[in-house]
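One structure below.
The values are calculated or read from the model by the stated rules, or taken from the named source; none is laboratory data. What you are looking at is a predicted structure, and each value in this text was computed from that prediction instead of being measured. Neighbour counts run over all protein chains shown; Cβ positions are idealised from the backbone, glycine included. Accessible surface areas use protein heavy atoms only, side chains included; no ligands, DNA or RNA. Shrake-Rupley method; radii C 1.70, N 1.55, O 1.52, S 1.80 Å.
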Amino acid sequence: MKIINARLRHLPGLHTVACAAERIHSITAQAAQALAQPGDLDAQGLLLIPPLVEPHIHLDAVHTAGQPRWNQSGTLFEGIECWSERKATITHEDTKARAHRAIRLLAEHGIQHVRTHVDVTDPSLAALGALLEVQDEARELIDLQIVAFPQEGIDSFTNGRALMERAIDMGANVVGGIPHYEHTREQGVSSIRFLMDLAERRGCLVDVHCDETDDPHSRFLEVLAEETRARGMGARVTASHTTAMGSYDNAYCSKLFRLLRLAGLSFVSCPTESIHLQGRFDTFPKRRGITRIAELDRAGLNVCLGQDSIQDPWYPLGNGNILRVLDAGLHIGHMMGYEDLQRCLDLVTDNSARALALGEGYGIAPGRPANLVLLDAENDYEAVRRQVKARWSIRQGRLLMQREPERVTFM
Ligand code: FE2
């Protein structure tokens, strides 16, 4: 396959990208607009990017909002109550069907790399078993990383450590954690040491739900960062949410950021989920309840955006469109300066790929997999401003998805 008349991010003019044997073969600058030959895909001047990435979602809970009842207050706590009622009726086939439905939505929006957290605080590890099957069945559409996520804690949950070990034995790719939810600070710290040991021993990546609270005293990120620094694991570790950072004072943050730079770990923010769930103990002034996205970015740290939920007890909306989350993240994170808008797709492409440690398996360069997406825009700014959609999605050198452009007629 040859893609002609494509625009590439931050490069002038049009380009031809040739693919062969499921990989990108060559990238050539065109002197003028090219005429399509049979078999060519004419990009018509649209923006060709590597696939969009979903770095943080919970596929085991998607499409359960309203079952058996709606979360009326919108709080995290009522969400947990609704989830425990829904959990009682979950089956293997139900989990798989909902995950596949969500994966189709993600793929429709040009996403081809997904990291899902799966609750492993269940002695049967049933959801993990279902998602491992989905990982294989959905490989035509997406590459799926699975995080062993201890929703109810590691050291404060019965057999929590053994369940984490078993989840990795079964095939989970990433070690998770939730230190701020453990019963005591000591358990939070010991859970981080345990999960980092486990990841190091088993050669896994790490992605910890870290300080997902407005409590300014929730300071497990410093523990995770120090463990990461001491072990030299920065390229393999991600801290998700870190919403407490939005409540830390600047004096503490200036010390913390020095450590974060030394550790070199990645960050995922889920701005739509956090603006919805956090700030719930405030009256006014009310905190935004998200991490310091712009400040992390400006400090040279790797930060990206995720959806967290699609229609689950914690978040009733969501449709698989990561550009909607980017739009929200730029607003909530005060990132609408001209320079930010010019490179905003970094937050849902290259930065996310780095958090997922995709390495040479991602990006537009000869020899890399021919996984590509054409967005209905000329540049980052227009893509987010017009909330465009993926027009074509190419996977392993073959056309995976095509969308007809919207047409509006005034009468
Ligand atoms: Fe999450």
Single unsatisfied condition, V303 versus (1) more than 21 Å from S218 (Cα to Cα); (2) of a type in the set (V, I, T); (3) not in a helix (DSSP H, G or I): (1)
Looking only at the stretch 247-291, and only at residues there that are out of contact with any helix residue (DSSP H, G or I) (no Cβ under 8 Å at 6 or more places or on another chain) and touching a residue at least 40 places away in the same chain (Cβ under 8 Å), the one that is surrounded by the most Cβ atoms within 10 Å (Cβ to Cβ): E273
Residue match in the stretch 14-23 (condition: open to solvent by less than 70 Å² (accessible area, probe 1.4 Å), assigned to a loop (DSSP other than H, G, I, E, B) and closer than 30 Å to G361 by Cβ): yes
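Have a look at E85, E54, E78 and point out the one that is open to solvent by 70 Å² or more (accessible area, probe 1.4 Å) and either out of contact with any Asp or Glu (no Cβ under 7 Å at 6 or more places or on another chain) or not assigned by TED's automatic domain parsing to the domain that holds V206 (or both).
E85
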Unmet requirement for L131, which otherwise passes all of (1) part of a helix (DSSP H, G or I); (2) within 16 Å of the ligand (Cβ to nearest atom); (3) open to solvent by 50 Å² or more (accessible area, probe 1.4 Å): (3)
Residues (hydrophobic (A, V, I, L, M, F, W, C) and either surrounded by fewer than 16 Cβ atoms within 10 Å (Cβ to Cβ) or under 15 Å from I24 (Cα atoms) (or both)) located in the stretch 400-411: V408, F410, M411
Options Q72, Q112: the member that is more than 16 Å from the ligand (Cβ to nearest atom), without any contact (Cβ under 8 Å) to a residue 12 or more places away in the chain and touching an Asp or Glu at 6+ places or on another chain (Cβ under 8 Å): Q72
Lone qualifier among A148, A61 - being touching a residue at least 24 places away in the same chain (Cβ under 8 Å), more than 30 Å from L399 (Cβ to Cβ), in contact with a strand residue (DSSP E or B) (Cβ under 8 Å, 6 or more places away or on another chain) and assigned to a loop (DSSP other than H, G, I, E, B): A61
Complete set of residues in the stretch 151-182 that are open to solvent by 40 Å² or more (accessible area, probe 1.4 Å) and either within 30 Å of S393 (Cα to Cα) or in contact with a Pro (Cβ under 6 Å, 6 or more places away or on another chain) (or both): N173
Top-ranked residue of the stretch 199-224 - restricted to ones that are farther than 17 Å from G246 by Cα and of a type outside the set (D, E, K, R), ranked as nearest to the ligand (Cβ to nearest atom): V208
Qualifying residue in the stretch 296-310 (condition: closer than 17 Å to E54 by Cβ, at pLDDT 95 or above and among the β-branched types (V, I, T)): yes
Qualifying residue in the stretch 10-20 (condition: without any contact (Cβ under 8 Å) to a residue 40 or more places away in the chain and small (G, A, S)): yes
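Residue-wise test of (1) more than 20 Å from the chain's Cα centre (by Cα); (2) more than 23 Å from L301 (Cα to Cα).
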residue	(1), (2)
N173	no, yes
H180	yes, no
E186	yes, yes
L198	yes, yes
L205	no, no
D211	no, no
L221	no, no
Those residues of the stretch 291-314 which are aliphatic (A, V, I, L, M) and within 13 Å of the ligand (Cβ to nearest atom), in sequence order: L305, I310
Out of E152, E186, sole residue that is more than 16 Å from the ligand (Cβ to nearest atom) and either under 17 Å from E212 (Cβ atoms) or charged (D, E, K, R) (or both): E186
Count - residues of the stretch 369-399 that are part of a strand (DSSP E or B) and open to solvent by 60 Å² or more (accessible area, probe 1.4 Å): 2
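Test of understanding: among H92, H63, which residue is under 20 Å from the mean Cα position of the chain (by Cα) and either not assigned by TED's automatic domain parsing to the domain that holds E133 or not aliphatic (A, V, I, L, M) (or both)? Before the answer, list the steps.
Numbers: H92 fails: under 20 Å from the mean Cα position of the chain (by Cα).
Testing whether each residue is under 20 Å from the mean Cα position of the chain (by Cα) and either not assigned by TED's automatic domain parsing to the domain that holds E133 or not aliphatic (A, V, I, L, M) (or both) leaves just H63.
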Flag if T116 is within 25 Å of C304 (Cα to Cα) and open to solvent by less than 10 Å² (accessible area, probe 1.4 Å): yes
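With respect to R98, is the statement that it is assigned by TED's automatic domain parsing to the domain that holds C344, free of Cβ contacts under 8 Å to residues at least 40 places away in the same chain and crowded, with 16+ Cβ neighbours inside 10 Å true? Break it down into steps so the answer makes sense when it comes.
Values: assigned by TED's automatic domain parsing to the domain that holds C344: yes; free of Cβ contacts under 8 Å to residues at least 40 places away in the same chain: yes; crowded, with 16+ Cβ neighbours inside 10 Å: yes.
Yes: the conditions hold for R98.
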